C-alpha cells in the first residue's frame, strides 16, 4: 500500500487551491478515489520490496550451490562409468592368451 503521507500531501495541495465547503467535499471524494486507485495498482512498500530482494538473493545463492552439487554429481557419475568400463575391459599385458582350462594345465606341466 502507498504511504498515507503522500495522499495527505495531495489532498492538502487541493484544499489550499479551493474554497472551504468545496474543499471538504473534494477531500472526501478524492481520498476515496486515491485510496481505491492505489489499492487497485497493487503497490508495495519499500520495506516489502527490500525483504523480497533479500529472499531472492538467498534463493539465488542456494540455487548456485545446488547447481555446483549437480555438476559434481554428474562428473562423478561420468568418471565412475568410465572406470567401471575400464575394469570390465580388463588389463592386457601382452603375449598370447590361454584359450581354455586344458591349455592352462598343459602349460603348467611344461614348466
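Computed from the coordinates by the stated procedures, all read-outs in this text should not be read as laboratory data. Model, not experiment: these values are computed from the prediction. FYI the Cβ positions are ideal-geometry reconstructions off the backbone, even for glycines, and counts take in every protein chain you see.
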remark   = Simple spin-label estimate for residue 31/residue 9, 7 Å along Cα→Cβ, in nm, reads 1.9 nm
inquiry  = Using a 7 Å offset from the Cα along the Cα-to-Cβ direction at both residue 66 and residue 93, what is the distance between the two label points in nm, to one decimal?
reply    = 5.1 nm
task = For residue 24 and residue 45, compute 0.36 nm times the residue count separating them, minus their Cα-Cα distance, and round to one decimal in nm.
result = 4.7 nm
Three-way shape call for the range 45-91 based on the alpha-carbon gyration tensor, with the a/c threshold at 1.5 = prolate
